[in-house]
Amino acid sequence: MRVIVPLQGVVQGRGGLVLGSIIPCALFYVLQFYLKRHRKDTDDQSNSGSSSQNPTPRSSSCGNLSELPGLTRNWSRGLSSPRSLRGPVSVSGRVSGIVKGADSPYYVGLRRAKEDPYDELSNPNGVIQLGLAENKLSLDLVEHWLADNAEQAMLRNGKELSISRIATYQPFDGLMEFKVAVAGFMSQVMEKAVSFNPSQVVLTAGATPAIEILSFCLADAGNAFLVPTPYYPGYDRDIKWRTGVEIIHVPCRSADNFNLSLAALDRAFDQAKKRGLKVRGIVLSNPSNPVGNLISRETLYSLLDFAREKNIHIVSNELLAGSTHGNEEFVSMTELLDPDDFDRKRVHIVYGLSKDLSLPGFRVGVIYSHNEEVLAAAKKLARFSSVSAPTQCLLTSMLTDAKFFQTLITINRERLQSMYAQFVAGLKKMGIKCIKSSGGFYCWADMSGLIRSYSEKGELELWDKLLNIAKVNVTPGSACHCIEPGWFRFCFTTLTEKDIPIVMDRIQKVSETCKLNR
Amino acid sequence: MEFTRNNNRQLLSKVATNDRHGENTPYFEGWKAYDSNPFHPTQNPQGVIQMGLAENQLCFDLIEKWLLENPDASICTAEGVDRFRDIAIFQDYHGLKEFREGVAKLMGRVGGNRVKFDPNRIVMSGGATGANETVMFCLADPGDAFLVPSPYYAAFARDLGWRTGLEIVPVDCKSSNNFRITRVALEEAYEEAQRSNINVKGVIIANPSNPLGTVLDKETMRSLVSFINDKSIHLVCDEIYAATVFGSPRFISVAEIIQDMDCNRDLIHIVYSLSKDMGLPGFRVGIVYSFNDCVMNCARKMSSFGLVSSQTQFLLAAMLNDEEFVGNFLRESSKRLAKRHHVFTKGLERIGISTLKSNAGLFFWMDMRPLLKEQTVQAEIELWRVIINKVKLNVSPGSSFQCSEPGWFRVCFANMDDETVQVALERIREFVHQGKEEDGASEKSKHWRKQNLRLSFSSSRLYNESLMSPHMISPHSPIPQSPLVRART
């Protein structure tokens, strides 16, 4: 009553105006004070970590960990350790970015398979890794080459030892001899349809920094790239994380065989505009990951036209160009570029030796562009991600042996073709259809018939069963931002032929229980 | 729409088109002069001697010998090839266990075995360049700032700030107290930043210092740790020159300091590398060692952008776990650096040029203030151009290290053979004597200096990439082939 009367006074215009304003303000401040004290108390009870917000105004991300599910353990551990007696320290916003990604099934599955890896003899009940696009099929060929040519490999430069070649500072975008060798290799891989100029090559420590460097060069923080979905889960890190660039999804559908439709691209561009996001380019994978299809020549031409019309760039990730196994022809974006065409400055190719040469550990990535300014910037940025000099020297000799890698590419293709056919046939027997694809180390399978609810939740339940019951790690479509639930990527290149029946058996068991439960 | 040149530039990002890479500064210009006219004892004895590149080539023979005696360490030899398959596929960003153990052992050893480093905290990155950038990505948001005692490494602006958006706030150190970092200077810089609404996230130091070559003493280290602890801001210690210390005082890692100090360890981060201590910059091995779990995990995920080649990891694992070799290498390296340092500094003393007393690094800090026309940066740059064009030595002017006092130059001495050292000393001797004679003469000396100040970069050919022969490094790349390489080929 005592409170309401002055308020009434305000309303009625009487002398309660002052009290009528002071009292609510006072109440407000008392509330804030109370909340603040309450917050401080919960922080001191270090083991709860549930409702705590940040007491110190400057601490940002490390504190936010508590708000994300499943991470309260970390937070309280941090608080109770003697180090953080003074409270959480302030780190950058990027630190919290990774925490959100940590629970993605893509990474969870990779971790599980690493912790409990299948081995025919020593761990027959371990997790079979079908989630990592690694090619072990033709490593033996590379091994044999090394064994036979070891003399010329790393140290020696002709007959002489040359420690300074591998130890001293070298150009950060790669040694010229190595660039020449890589350019020649790329040309071979793309069936000599294009010849690559070594001085337009910038080498980076893997394709991962190559994509990031191009993102830094072509877009500012807050701009966006159009990326067809489903896409390689790592793009969320490579394109977005440190650059602050957004990805706009361009959904591809099973009705189109997951081929890119120009209409969808147009719609996505307009949507971005409506959201106030400036689109700076398109990022494609060709052959695509995770589906494995090749982009047709007509589509590539249409994409060039689109880019010209909208005045944007095209980044074509052709990392798997040498790993095609079907009868379809692989067409590199560079093939379509006229030497006189100014618009060729819009196109930038990403390549690397991780897939076609099965050397992901060696960290060799390529940026290829006709745009001198992009090249100039990329060369400077390569300073942060250079290829190790001894690795360059070793691989230069390998890549200059044209006969060797011609054989390697041919045999690799045959082995891929064979494994693909067997794997797809095995899945087909269980009623699981795969998209017809011609490239990559995987098949894109439709398991929507086995999921309980046609949703991401249903898909993840199936993924979980496959990982924990069948003990196979596969990549669910949702991790790749696929718009249709129920699709899974199975990589078969870490297997040998006799592993296939074992995999099929395991999947069969789960598939049967799923059918029963429906 | 035609793709015109203007259009082209507009289509690129700010990062790609701004100058924050710093390559248009005198530090890198000196390299361009060297690139176009590199010294060679027989083929080009009048060329420019490279004394601006901090590279350690004094112990290559030891590395070479080890490589030849251990062919199984290089998986590309007949003896080592059976490990090839596993190594070629290995791209786990945790890194090879043996490699991390080797690096942790080396870091411990270099710190005098007073601290044990945990191999599970070792995170890789693309050289120390990548390591510094990664740490900043983890600690600061765009627009934040770090305090950096000056003079500091010329490329910090690029490494710390180019892609991260971080600002550098220099903390000036003076020659009057040998460029020591004082608590007072730090507090002042911090207060000043606060007043200008700049959010200071931490302090970054290089210990041993680049370009000074000095080692931080215990009191300074403790004072630094106490300062950052009080303000609850981060401390990043770039310890890449730790094993280049010779004589005394010894190197003290920040890891040792915090062992007996009450300090929030989540604020302490170390950057390390094999480029200087082991003389292997081509291997691109950078290490982030953070006491903060969040930062460590984040940096580890970022290491995907600069992983060390698994082949290199394997090789180094074998090398660094060979304790006898490492012990011998560190001892020899120290000895040879000490000797080279002595030859140079004594030689300069005889000519009348003093240097800052130092016992670390691959360089020394030369005092050319008496030779300056006037104590200004302009005069320093003029003198520097004379040294490059007339004396034909590429040394780095103090202004490129943000030194608050003009007249200091950084001179690198570990990237050449003994004969070249003598040639360099002789050239300086001549230059100084000539200067003295002409000074003694009359006013004419001022005129002489002015005449020589005109840049001989008149031909734009130097900068035209397409005219450079294929084997020459682009002038935009600041890292050329060192003279020793040329001498061998």
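When we screen B:T355, B:T312 for residues that are within 20 Å of B:K436 (Cβ to Cβ), touching a residue at least 12 places away in the same chain (Cβ under 8 Å) and among the hydroxyl-bearing types (S, T, Y), the only hit is B:T355.
Checked against the criteria, B:W66 does not count as closer than 26 Å to B:D159 by Cβ, touching a residue at least 12 places away in the same chain (Cβ under 8 Å) and among the hydrophobic types (A, V, I, L, M, F, W, C). Under the condition of being buried (at least 21 other Cβ atoms within 10 Å of the Cβ), under 20 Å from B:G108 (Cβ atoms) and either away from every other protein chain (no Cβ under 14 Å) or charged (D, E, K, R) (or both), the residues counted in the stretch B:207-239 number 8.
Output the residues belonging to the stretch A:442-466 that are free of Cβ contacts under 8 Å to residues at least 12 places away in the same chain and among the polar types (S, T, N, Q). Can you show your working first?
Within the stretch A:442-466, the first condition is being free of Cβ contacts under 8 Å to residues at least 12 places away in the same chain, and the residues that meet it are A:453, A:457, A:461, A:464.
Answer for the stretch A:442-466, where residues must be free of Cβ contacts under 8 Å to residues at least 12 places away in the same chain and among the polar types (S, T, N, Q): just A:S453.
When residues in the stretch B:16-41 are screened for being part of a loop (DSSP other than H, G, I, E, B), of a type outside the set (V, I, T), farther than 30 Å from A:R280 by Cα and at pLDDT below 85, 0 of them pass. Among the numbered conditions (1) over 26 Å from B:K276 (Cα atoms); (2) at pLDDT below 95; (3) within 11 Å of another protein chain (Cβ to nearest Cβ), the only one that A:K192 does not meet is (3). Looking at the stretch A:365-376, is at least one residue more than 28 Å from B:R158 (Cβ to Cβ), buried (at least 20 other Cβ atoms within 10 Å of the Cβ) and touching a residue at least 40 places away in the same chain (Cβ under 8 Å)? Scanning the stretch A:365-376, I find no residue that is more than 28 Å from B:R158 (Cβ to Cβ), buried (at least 20 other Cβ atoms within 10 Å of the Cβ) and touching a residue at least 40 places away in the same chain (Cβ under 8 Å), so the answer is no. Among the residues of the stretch A:438-454, those that are in a loop (DSSP other than H, G, I, E, B) and closer than 30 Å to A:E414 by Cα comprise A:S438, A:G440, A:F441, A:M447. Note on the stretch B:269-302: residues that are more than 8 Å from chain A (Cβ to nearest Cβ), under 29 Å from B:K231 (Cβ atoms) and surrounded by 24 or more Cβ atoms within 10 Å (Cβ to Cβ) total 11.
Within the stretch A:358-375, restricting attention to residues that are in a helix (DSSP H, G or I) and over 17 Å from A:P209 (Cβ atoms), the residue that is nearest to the other protein chains (Cβ to nearest Cβ) is A:E373. Filtering the stretch A:386-418 to residues that are within 14 Å of chain B (Cβ to nearest Cβ), assigned to a helix (DSSP H, G or I) and of a type in the set (A, V, I, L, M) leaves A:A389, A:L394, A:L395, A:M398, A:L399, A:L408. Specify the residue that is nearest to the chain's Cα centre (by Cα); the eligible residues are those in the stretch B:399-427 that are farther than 22 Å from B:N56 by Cβ and in a helix (DSSP H, G or I). So the residue we want is B:S399. Per the conditions (1) modelled with pLDDT of 95 or more; (2) touching a Gly at 6+ places or on another chain (Cβ under 6 Å), the sole criterion not satisfied by A:E484 is (2). For A:S354, indicate whether it is crowded, with 24+ Cβ neighbours inside 10 Å, closer than 30 Å to B:S74 by Cβ and in contact (Cβ under 8 Å) with a residue 40 or more places away in the chain. Answer is yes for this residue.
For the stretch A:347-357, a tally of residues being out of contact with any Asp or Glu (no Cβ under 6 Å at 6 or more places or on another chain) and more than 9 Å from chain B (Cβ to nearest Cβ) returns 7. Criterion applied to B:N44, B:N120 was being in contact with a strand residue (DSSP E or B) (Cβ under 8 Å, 6 or more places away or on another chain) and surrounded by fewer than 17 Cβ atoms within 10 Å (Cβ to Cβ), and the one residue passing it is B:N44.
Yes or no, residue by residue, for (1) farther than 27 Å from B:F283 by Cα; (2) free of Cβ contacts under 8 Å to residues at least 24 places away in the same chain; (3) among the charged types (D, E, K, R); (4) surrounded by fewer than 24 Cβ atoms within 10 Å (Cβ to Cβ):
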| residue | (1), (2), (3), (4) |
| --- | --- |
| B:L106 | no, no, no, no |
| B:R109 | no, no, yes, yes |
| B:S125 | no, no, no, no |
| B:D141 | yes, no, yes, yes |
| B:V169 | yes, no, no, yes |
| B:D172 | yes, no, yes, yes |
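Yes or no: the stretch A:298-314 includes at least one residue that is in contact with a Ser or Thr (Cβ under 6 Å, 6 or more places away or on another chain) and either outside any loop (DSSP other than H, G, I, E, B) or buried (at least 20 other Cβ atoms within 10 Å of the Cβ) (or both). There is no residue in the stretch A:298-314 that is in contact with a Ser or Thr (Cβ under 6 Å, 6 or more places away or on another chain) and either outside any loop (DSSP other than H, G, I, E, B) or buried (at least 20 other Cβ atoms within 10 Å of the Cβ) (or both). Take the conditions (1) modelled with pLDDT of 90 or more; (2) touching a helix residue (DSSP H, G or I) at 6+ places or on another chain (Cβ under 8 Å); (3) within 12 Å of chain A (Cβ to nearest Cβ); B:F84 misses just one of them, which is (1).
Working carefully through the options B:L96, B:L58, find the one that is closer than 15 Å to B:T312 by Cβ, out of contact with any strand residue (DSSP E or B) (no Cβ under 7 Å at 6 or more places or on another chain) and buried (at least 19 other Cβ atoms within 10 Å of the Cβ).
Values: B:L58 fails: closer than 15 Å to B:T312 by Cβ.
After ruling out the rest, the residue left standing is B:L96.
Checking each residue in the stretch A:202-237 for being in contact with a helix residue (DSSP H, G or I) (Cβ under 6 Å, 6 or more places away or on another chain) and closer than 28 Å to A:E177 by Cα picks out A:V202, A:T204, A:T208, A:P209, A:I211, A:E212, A:I213, A:S215, A:F216, A:C217.
Condition check for B:L147 on (1) surrounded by fewer than 18 Cβ atoms within 10 Å (Cβ to Cβ); (2) more than 10 Å from chain A (Cβ to nearest Cβ); (3) farther than 19 Å from B:M296 by Cα: one failure, at (1).
Here's the yes/no breakdown for (1) farther than 30 Å from A:L121 by Cβ; (2) aromatic (F, W, Y); (3) not in a loop (DSSP other than H, G, I, E, B):
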| position | (1), (2), (3) |
| --- | --- |
| A:D464 | no, no, yes |
| A:S478 | yes, no, yes |
| A:C482 | yes, no, no |
| A:F490 | no, yes, yes |
| A:V503 | no, no, yes |
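From the list B:I75, B:I49, the one residue that fits, being in contact (Cβ under 8 Å) with a residue 24 or more places away in the chain and away from chain A (no Cβ under 12 Å), is B:I49.
Restricting B:L307, B:L330, B:L320 to residues that are more than 14 Å from chain A (Cβ to nearest Cβ) and under 19 Å from B:K97 (Cβ atoms) narrows the list to B:L320. Pairs, please: C-beta under 9 Å, at least 6 apart or cross-chain, first residue within 11 Å of chain B (Cβ to nearest Cβ) and in the stretch A:321-346, second surrounded by fewer than 20 Cβ atoms within 10 Å (Cβ to Cβ) and of a type in the set (S, T, Y)? Filtered contacts from the stretch A:321-346: A:F342/B:T4.
The values are calculated or read from the model by the stated rules, or taken from the named source; none is laboratory data. Bear in mind the structure is a predicted one, so any value in this text is a computation, not a measurement. In this analysis, Cβ positions are derived from the backbone assuming ideal geometry, glycine residues included, and neighbour counts consider all displayed protein chains.
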